[in-house]
1. May I ask you to list the residues in segment 92-146 that are outside any helix (DSSP H, G or I), open to solvent by less than 80 Å² (accessible area, probe 1.4 Å) and not aliphatic (A, V, I, L, M)?
2. Report, by residue number, each residue of segment 59-78 that is open to solvent by less than 70 Å² (accessible area, probe 1.4 Å) and in contact with a Leu (Cβ under 8 Å, 6 or more places away or on another chain).
3. Could you please find all residues in segment 25-41 being under 23 Å from A138 (Cβ atoms) and open to solvent by 50 Å² or more (accessible area, probe 1.4 Å)?
4. Within the set of pairs 6+ apart or on separate chains, which have a first residue in segment 55-83 that is within 19 Å of Y103 (Cβ to Cβ) and of a type in the set (G, A, S), a second that is open to solvent by 40 Å² or more (accessible area, probe 1.4 Å) and in a helix (DSSP H, G or I), and C-beta atoms under 6 Å apart?
5. If you take the residues in segment 24-62 that are among the acidic types (D, E) and within 13 Å of V115 (Cβ to Cβ), which one is farthest from the chain's Cα centre (by Cα)?
6. Quick one: count up the residues across segment 79-89 that are within 12 Å of I61 (Cα to Cα) and open to solvent by 40 Å² or more (accessible area, probe 1.4 Å).
7. Open to solvent by less than 20 Å² (accessible area, probe 1.4 Å) and either over 18 Å from T51 (Cα atoms) or modelled with pLDDT under 95 (or both): is that true of L169 in this structure?
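The values are calculated or read from the model by the stated rules, or taken from the named source; none is laboratory data. All values reported here derive from a predicted model rather than from experimental measurement. Don't worry about glycine lacking a Cβ; one is built from the backbone with ideal geometry, like all the others, and counts go over all protein chains shown. Just so you know, the surface numbers come from the protein's heavy atoms only, side chains and all, with ligands and any DNA or RNA stripped out. Shrake-Rupley method; radii C 1.70, N 1.55, O 1.52, S 1.80 Å.
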Amino acid sequence: MPDADLPDADLPDADSRDPGDPPHLTNGDLGRIFHEIGDMLEIKGELVFKTVAYHRAADVIERSPVDLVAAYRAGTPPRLPGVGKAIGDKLDELARTGHLAFYDRLALEIPPGLVTILQIPGIGPKTVRQLHTELGIASVEDLAAADRDDLRTLLKRDAVGLDEDFFLLGG
């Protein structure tokens, strides 16, 4: 979960926190988590409006001038444009506890390497899902080691806009 990526030494108030206190995530950390949720939902094949809502909320969260974790913990969460009740409730849980059960459930369903593959230009969520289900690819390393003929067949069949350099460079 998010605090695993944020060692206590990197937290601004690490020395003043009680060991049982949740981590103080930055707005950037919160936004990254909501972008990851959007990515995982895309890979799962969720409706586009839902994935877009998470990405838009992530952008709003990242750009907020208010320290959202401090505001939520103080009981004065700001109204964020474009962030509805469902996402707002998840933001509240994450800000107050440093954990998000919804994120944890998604992370169990979607191998983390698939989200990384989604970042490769020319590969979208449908293709990532197919790489995983049809070829068993779950990481960039798997993609690099995959049989090039199988990849070409899948990617050309789906008209993915990767040029030949993708295959020549080992993925």
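1. Correct list: G98, H99, P111, G122, G124, G136, S139.
2. V60, I61, S64, L68, V69, Y72, P77, P78
3. R32
4. A58/H35
5. If we take residues in segment 24-62 being among the acidic types (D, E) and within 13 Å of V115 (Cβ to Cβ), then E42 is farthest from the chain's Cα centre (by Cα).
6. The qualifying residues number 3.
7. No.
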